[in-house]
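Novice: Sharing a structure here in structure tokens format.
The values are calculated or read from the model by the stated rules, or taken from the named source; none is laboratory data. Everything numeric here is computed off the predicted structure, so don't read it as measured data. For neighbour counting, all protein chains shown are included, and Cβ atoms are generated from backbone atoms with ideal geometry for every residue, glycine included.
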Amino acid sequence: MVFTIGLSLYPIAINYMAGGVNSPTYASMQNWAVAAITLVVVIGLSQFAKGYAKLAAIFLGIIVGYCVSLVLGIINFDPIREATWFAIPKPLEFGMEFDMPVIISVVIVSIINAVQAIGDLSATTMGGMDRNITDKELSSGVIGSGICTMIGALFGGLPPSSYSQNVGMVAMNKVISRFVLGIAGIFMLLSGFVPKFGALMTTIPYSVLGGATISIFSMITMTGIKLIITEELSSRNITIVGLAIALGMGITSVPAAQEAFPSFVKLVFGESPIVIATLVAFVLNLIIPNKSLEDEAKERAVMEETN
């Protein structure tokens with residue numbers, strides 16, 4: 001599942017590097033140049049620098065890319081001018097209604113988010129601590145996501161989702177301090193209570209974000225590979241992993257192949273390779289007999305003796 005998360009993020013990074021699909025300058029050489037400069041800075045600092053510069057390679061790369069964009073005049077400051085200074089969320093501003101179709105839709109979205117959170121939590125633990133996640137850590141993470149969903153609903157917010165891009169960042173700099181995460185949470189709160197601060201973040205060009213995140217996404221993919229090779233590469237495991245990735249990435253990569261499916265099926269499965277890969281892996285894990293490499297070797301030995 002983690003490997004699928006990494007692969008599914010590559011198109012996002014490439015579109016970002018090209019400037020964003022809705023940008024009138026999409027795929028321009030200027031966007032690619034800014035993305036390339038950002039990427040070079042990130043790689044250079046992460047591989048050759050030491051101390052703080054190495055740990056903050058992504059952040060410093062974004063700053064350099066932002067400065068280059070500023071010189072080129074491609075940053076739009078209108079969102080900052082239009083945003084207000086302060087905004088206080090009001091609980092139950094939209095009232096409390098029980099619309100069953102909407103409730104079902106949100107429940108489905110929450111389940112999808114929980115599946116993605118499981119993959120992100122597993123990948124973060126492997127990437128940041130070089131070990132598998134424990135059952136207690138996994139359940140606590142999913143419960144925390146559920147609590148945030150309930151609290152967010154009271155303020156008119158959408159169900160929160162774990163940010164897969166941060167998995168690669170943790171794998172790259174190995175920073176897993178709760179203090180650091182707490183500071184990041186404060187910045188998120190500032191973005192909500194001080195719209196001008198949030199608007200400042202939105203002025204970062206897509207090409208800069210793409211140049212910074214492509215390396216992060218590659219780390220997620222490699223973390224997925226590390227998780228795969230921690231298990232025996234038996235015929236059973238290879239089949240489960242291979243089919244899960246193939247169907248997860250394949251079905252979502254060809255939207256036209258889903259036209260005959262009901263709308264709710266396309267909503268749940270058609271847009272998320274992570275959900276498809278997880279479901280396929282779960283079903284195959286239940287169906288295919290559990291055989292180790294040793295068991296498979298014994299079966300081959302018996303067949304050779306029989307022949």
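Novice: Scanning for something in contact with a Leu (Cβ under 8 Å, 6 or more places away or on another chain) and surrounded by 12 or more Cβ atoms within 10 Å (Cβ to Cβ), does the range 175-190 turn up at least one residue?
Specialist: The answer is yes, given that some residue of the range 175-190 is in contact with a Leu (Cβ under 8 Å, 6 or more places away or on another chain) and surrounded by 12 or more Cβ atoms within 10 Å (Cβ to Cβ).
Novice: Another one. Name the single residue, out of those in the range 15-39 being without any contact (Cβ under 8 Å) to a residue 24 or more places away in the chain and under 22 Å from the mean Cα position of the chain (by Cα), that is farthest from Thr213 (Cα to Cα).
Specialist: Selected residue: Asn22.
Novice: Right, another one. Can you go through Ile58, Ile103 and tell me which one is under 24 Å from the mean Cα position of the chain (by Cα) and either buried (at least 16 other Cβ atoms within 10 Å of the Cβ) or assigned to a helix (DSSP H, G or I) (or both)?
Specialist: After applying the criteria, what remains is Ile58.
Novice: Based on what the data block shows, is Leu154 farther than 30 Å from Gly61 by Cα and either buried (at least 21 other Cβ atoms within 10 Å of the Cβ) or modelled with pLDDT of 80 or more (or both)?
Specialist: yes
Novice: Would you confirm, using the coordinates I've provided, whether Thr124 is at pLDDT below 85 and either assigned by the TED database to the domain that holds Pro11 or among the β-branched types (Val, Ile, Thr) (or both)?
Specialist: Answer is no for this residue.
Novice: Let me ask something additional. Of the residues Phe86, Phe94, which single one is aromatic (Phe, Trp, Tyr), in a loop (DSSP other than H, G, I, E, B) and either closer than 22 Å to Ser177 by Cα or out of contact with any helix residue (DSSP H, G or I) (no Cβ under 9 Å at 6 or more places or on another chain) (or both)?
Specialist: Only one candidate passes the filter, namely Phe94.
Novice: Taking the range 61-78 on its own, how many of its residues are out of contact with any Leu (no Cβ under 8 Å at 6 or more places or on another chain), in contact (Cβ under 8 Å) with a residue 12 or more places away in the chain and in a helix (DSSP H, G or I)?
Specialist: 6
Novice: Determine whether Ala281 is under 18 Å from the mean Cα position of the chain (by Cα), within 25 Å of Ala297 (Cβ to Cβ) and either outside the structural domain of Met126 (by the TED database) or at pLDDT below 80 (or both).
Specialist: no
Novice: Name the one entry in Ile240, Ile229, Ile245, Ile216 that is closer than 22 Å to Thr124 by Cβ, of a type in the set (Val, Ile, Thr) and at pLDDT 90 or above.
Specialist: Sole residue among the options that is closer than 22 Å to Thr124 by Cβ, of a type in the set (Val, Ile, Thr) and at pLDDT 90 or above: Ile245.
Novice: Now for a different question. Within the range 254-274, can you find the residues that are of a type outside the set (Gly, Ala, Ser), in a helix (DSSP H, G or I) and farther than 21 Å from Asn237 by Cβ?
Specialist: Pro255, Gln258, Phe264, Val265, Lys266, Leu267, Val268, Phe269
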